[in-house]
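Everything on this sheet refers to the single structure shown next.
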Amino acid sequence: MASTDSGRPGAGGTPAPARSAGGRTTSRDVARAAGVSQATVSLVLGDKWRGRVSERTAGTVREAARELGYRPNLAARNLRLGRTRTALLVVPALTSEFFARVYTGANGVAAEHGFGVVLYPSPVGTGPALDPFDSARAALDGVIASSMAADTLSGMRGGGLPLVMLDSDPRAGTGTAATVNLDIADGMRQVARHLLALGHRRFAHLAAAVDSWTFRERAGALTRAVAAVPGPALARESAALEVEAGRRAAERVLRVAAERRPTALVCDDDLLAAGACKAARGLGLRVPEDVSVTGFDDLALATAVDPELTTVRLPAEAVGARGMTALLDALDGRVPDTAPLPVLLVP
């Protein structure tokens, strides 16, 4: 390992080289300390080393950079590569626990690759919004968006940015780099099988009043699962994604004669399910003795209600991580992984 007599320890315990003229540490200094070429330093610190440089050499370069306090000139590198190393994550609302976890997953992968993630909530939930940047192409490398906020993208699509859609119809992938989905249909099939095995035959679906692929998929999967068994009946009631809206919707379907009253309320979301539990108790019904209630998403709320909800666990952080990985793959010319992520019924 090359060194100079600067008196300052370098990587691996050897003295570090003197700084270049002007006193600023450069990639050449890092290369000398690590005993490698400047090209190798660029590969490692630009996260392009895999398959070209050994893990040991990459570690040596990173250690030398840390010891010398070297920070790459990101602005110059980005200008040279035509990259900003910034991705935009578009979600319908910041108040949703699910999308907060999606962001955590995306940001974790981004940080590993020297990227930043800008979180942009649609100010109107699921409607169109203004481009948050004067020029999306100049400010971003790509966009990751939930299908629930898809209309928000209308002001940005002219930029020609790579777009990764989350929880979105894979058949409508024209113009997208990749679609990252959960196996939503299987989640609803697991719910139906669980309730049918318990003997339920009168179902009511509290459906989210949101026109997006994920909720259409839930409705279709539940309808098919119930129809596959002779005898069961399925009613459907629409509601906004709020506890109080879920309570009102549940009251509407439960305020009928006992012989026609559903014995299972299948809810599109844990918020709706919490409202359904409130409605049942308000009507003097016991959960689950008189009516079973199931949710979807496995939010923290699912364990806060009494009794705890039967729900479907969605790996939100894995969705964000897979979405960011797919965007990085698209930017580097690789084929993204589009296999649906599995979900799990939590009784």
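The values are calculated or read from the model by the stated rules, or taken from the named source; none is laboratory data. All of these numbers come straight from a predicted model, not from anything done at the bench. Note that we place each Cβ from the backbone using ideal geometry, even for glycine, and neighbour counts take in every protein chain shown. Each accessible area value is taken on the protein alone, full model and side chains, heavy atoms only, with ligands, DNA and RNA left out. Shrake-Rupley method; radii C 1.70, N 1.55, O 1.52, S 1.80 Å.
Yes/no matrix, rows are residues, columns are (1) at pLDDT 90 or above; (2) open to solvent by 40 Å² or more (accessible area, probe 1.4 Å); (3) part of a strand (DSSP E or B); (4) of a type outside the set (Asp, Glu):
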{"position": "SER42", "(1), (2), (3), (4)": "no, yes, no, yes"}
{"position": "LYS48", "(1), (2), (3), (4)": "no, yes, no, yes"}
{"position": "ARG56", "(1), (2), (3), (4)": "yes, yes, no, yes"}
{"position": "ARG62", "(1), (2), (3), (4)": "no, yes, no, yes"}
{"position": "ALA75", "(1), (2), (3), (4)": "no, yes, no, yes"}
{"position": "LEU79", "(1), (2), (3), (4)": "no, yes, no, yes"}
{"position": "VAL109", "(1), (2), (3), (4)": "yes, no, no, yes"}
Find all pairs meeting these conditions: Cβ atoms under 9 angstrom apart; at least six residues apart or on different chains; first residue within the range 334-347 and closer than 18 Å to ALA302 by Cβ and among the acidic types (Asp, Glu); second residue open to solvent by 80 Å² or more (accessible area, probe 1.4 Å) and modelled with pLDDT under 95.
none
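I'd like the full set of residues that are under 25 Å from the mean Cα position of the chain (by Cα), open to solvent by 60 Å² or more (accessible area, probe 1.4 Å) and at pLDDT below 85, limited to the range 81-103.
Within the range 81-103, LEU94, THR95 meet the criteria.
One line per residue, one yes/no per condition, for (1) surrounded by 24 or more Cβ atoms within 10 Å (Cβ to Cβ); (2) free of Cβ contacts under 8 Å to residues at least 12 places away in the same chain; (3) over 22 Å from PHE99 (Cβ atoms):
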{"residue": "VAL287", "(1), (2), (3)": "no, no, yes"}
{"residue": "SER292", "(1), (2), (3)": "no, no, yes"}
{"residue": "PHE296", "(1), (2), (3)": "yes, no, no"}
{"residue": "LEU299", "(1), (2), (3)": "no, no, no"}
{"residue": "ALA302", "(1), (2), (3)": "no, no, no"}
{"residue": "LEU309", "(1), (2), (3)": "yes, no, no"}
{"residue": "PRO315", "(1), (2), (3)": "no, no, no"}
{"residue": "ARG322", "(1), (2), (3)": "yes, no, no"}
{"residue": "ALA326", "(1), (2), (3)": "yes, no, no"}
Looking only at the range 265-279, count every residue that is surrounded by fewer than 22 Cβ atoms within 10 Å (Cβ to Cβ) and either under 14 Å from THR311 (Cα atoms) or more than 32 Å from the chain's Cα centre (by Cα) (or both) and tell me the total.
0
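Yes or no, residue by residue, for (1) in a loop (DSSP other than H, G, I, E, B); (2) at pLDDT 95 or above; (3) of a type in the set (Gly, Ala, Ser):
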| site | (1), (2), (3) |
| --- | --- |
| PHE203 | no, yes, no |
| THR223 | no, yes, no |
| VAL226 | no, yes, no |
| VAL229 | yes, no, no |
| ALA235 | no, yes, yes |
